[in-house]
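The values are calculated or read from the model by the stated rules, or taken from the named source; none is laboratory data. All values reported here derive from a predicted model rather than from experimental measurement. Every residue, glycine among them, receives a Cβ derived from its backbone with ideal geometry; neighbour counts consider all protein chains shown. Side chains included, ligands, DNA and RNA excluded: accessible areas come from the protein's heavy atoms. Shrake-Rupley method; radii C 1.70, N 1.55, O 1.52, S 1.80 Å.
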Amino acid sequence: FIQAATEQIWYYLQASRGNAFVLFTSYSMLKTCYASLESRLKEARFHPLKQGDGDRIFLLNRFKTTDRSVLFGTDSFWEGVDVAGEALRCVILVKLPFKVPSEPIIQARSEAIQAAGGDPFMEYSLPQAIVKFKQGFGRLIRKHSDRGCIICLDNRITTKRYGKLFLNSLPNCEQVFASGKEICEKMTEFYRKTHFLTKI
């Protein structure tokens, strides 16, 4: 998955010309993807930034003030981060943000729900993931003049029955389900057509 995702990320970053967040649910996956793309990004005049190479405020300030930046982040960048305008025009969500079931707190809550006769996935894991997904989505559009594309690389959003719950949680917007090549073409067309918004 990570090899295929890395190649898709590379194409989408070229379509948006950077100014993008790439959000992961796993730091190990982030490091693998970053290591694979770092040299390519720099050669193409992008400015890659990785969570862990500085505190969050430093990384955000560098991102906001450097055109063609790409910030690779995990949990803390899914929420509470405000980057308005052209500084951020693309957000790539690599995986649906389900918590790791083996985490002690998650495991304890799941066991308690199960002991009470409930369904830990439907009653706890899924609602938590949907809230996080909406928060990740919300990093992009902060005011009416913002524009951008949000990409989800996790095919569970279309192959699993619960995928519709994620999609239904989003505000009204165009949704495209297509191959990577078609999405890149759509993105290129979108950024070209909405360029006027940069002058508002």
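Residue-by-condition table, conditions (1) crowded, with 20+ Cβ neighbours inside 10 Å; (2) charged (D, E, K, R):
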{"site": "Ile2", "(1), (2)": "no, no"}
{"site": "Trp10", "(1), (2)": "no, no"}
{"site": "Gly18", "(1), (2)": "yes, no"}
{"site": "Leu23", "(1), (2)": "yes, no"}
{"site": "Ser28", "(1), (2)": "no, no"}
{"site": "Lys42", "(1), (2)": "no, yes"}
{"site": "Arg45", "(1), (2)": "no, yes"}
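Yes or no: Gln175 outside any loop (DSSP other than H, G, I, E, B) and open to solvent by 50 Å² or more (accessible area, probe 1.4 Å)? Spelling it out, it is not the case that Gln175 is outside any loop (DSSP other than H, G, I, E, B) and open to solvent by 50 Å² or more (accessible area, probe 1.4 Å). All conditions in (1) assigned to a helix (DSSP H, G or I); (2) out of contact with any Leu (no Cβ under 7 Å at 6 or more places or on another chain) hold for Thr25, with the sole exception of (1).
Note on segment 178-200: among residues that are at pLDDT below 85 and in a helix (DSSP H, G or I), the one that is surrounded by the fewest Cβ atoms within 10 Å (Cβ to Cβ) is Lys199. For segment 118-163, the set of residues classified as under 13 Å from the mean Cα position of the chain (by Cα), of a type in the set (Lys, Arg) and either open to solvent by less than 20 Å² (accessible area, probe 1.4 Å) or more than 11 Å from Leu96 (Cα to Cα) (or both) consists of Arg139 only.
Of Ala112, Ala129, all but one fail to be under 22 Å from Ser76 (Cβ atoms) and either at pLDDT below 85 or outside any loop (DSSP other than H, G, I, E, B) (or both); the exception is Ala129.
Val91 meets all of the listed conditions (1) β-branched (Val, Ile, Thr); (2) at pLDDT below 85; (3) touching a Leu at 6+ places or on another chain (Cβ under 9 Å) but one, namely (2).
The set of residues in segment 68-108 being loosely packed, with under 13 Cβ neighbours inside 10 Å, outside any loop (DSSP other than H, G, I, E, B) and hydrophobic (A, V, I, L, M, F, W, C) consists of Ile105, Ala108.
With respect to (1) within 23 Å of Asp146 (Cα to Cα); (2) assigned to a loop (DSSP other than H, G, I, E, B), the lone exception for Gly52 is condition (1). Evaluation of Val81 against the conditions (1) at pLDDT 85 or above; (2) under 30 Å from Lys64 (Cα atoms); (3) not small (Gly, Ala, Ser) shows that the sole unmet condition is (1).
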